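The values are calculated or read from the model by the stated rules, or taken from the named source; none is laboratory data. Please read all numbers here as calculations on a predicted model, not as lab measurements. What goes into the accessible areas is simple: the full protein's heavy atoms, side chains included, and nothing from ligands, DNA or RNA. Shrake-Rupley method; radii C 1.70, N 1.55, O 1.52, S 1.80 Å.
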Amino acid sequence: VISPEQYASVVKGLLEEHAAYRSRAYQQAKTDERSITLFDDMQNRHALIDLGWYEGKYGRKLVVLLELVNGKIWVHQDDTEDGIANELVELGIPNTSIVLAFRPVELRPYTGFAIE
């Protein structure tokens with residue numbers, strides 16, 4: 001089991017893996033898009049963003065936004081295929097330390113993750 005002091009490191013590593021994977025997929029598709037990570041250690045917020053040109057338009061998309069608050073990982077945005085929370089659990093972070101913030105409070109008890 002991973003301790004709360006290690007959460008930031010685990011989150012950053014996972015987001016970097018996603019960025020590398022997504023960027024390779026964009027290269028193979030021959031688009032000018034790429035994925036980047038943003039790490040705000042002062043406020044404990046970390047993001048994965050897609051940006052670039054596609055079909056003549058410049059776009060940007062927030063793929064994942066995570067925030068570390070009081071020893072828990074709050075998932076504010078998750079547009080990954082398998083679910084970033086599930087991947088964090090696979091890496092050893094307890095589901096009781098992950099809050100699906102994008103779910104309404106009244107539905108969180110049914111998610112299998114922390115309520116708050």
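Counting heavy atoms of the protein chains only and a 1.4 Å probe, report the per residue accessible area for the chain as a whole number of Å².
Spelled out: the 1.4 Å probe surface of the chain, per residue, equals 62 Å².
Please calculate the 1.4 Å probe accessible area of residue 49, with all protein chains present, and give it to the nearest 10 Å².
So the heavy atoms of residue 49 present about 30 Å² to solvent.
Carbon-plus-sulfur fraction of the accessible area of the chain, 1.4 Å probe, in percent?
Summing carbon and sulfur atoms, their accessible area is 50 percent of the total for the chain.
Taking the Cα centre of each part, how many Å lie between region 1-65 and region 71-108?
Between the Cα centres of region 1-65 and region 71-108 lies a distance of 16 Å.
Report, in deg cm²/dmol and to the nearest 500, the calculated mean residue ellipticity at 222 nm for the chain, where each DSSP H run with n ≥ 4 adds -39500 (n - 2.57) and the sum is divided by the residue count.
Computed ellipticity for the chain at 222 nm equals -8000 deg cm²/dmol.
To make sure I understand the rule: partners must be aspartates and glutamates, Cα under 20 Å from the Cα of residue 57, and not fewer than 8 residues away in the same chain. Which ones qualify?
Straight-distance partners of residue 57: 32, 33.
Sort 89, 10 by accessible area with a 1.4 Å probe, largest first.
The ordering from most to least exposed comes out as 89, 10.
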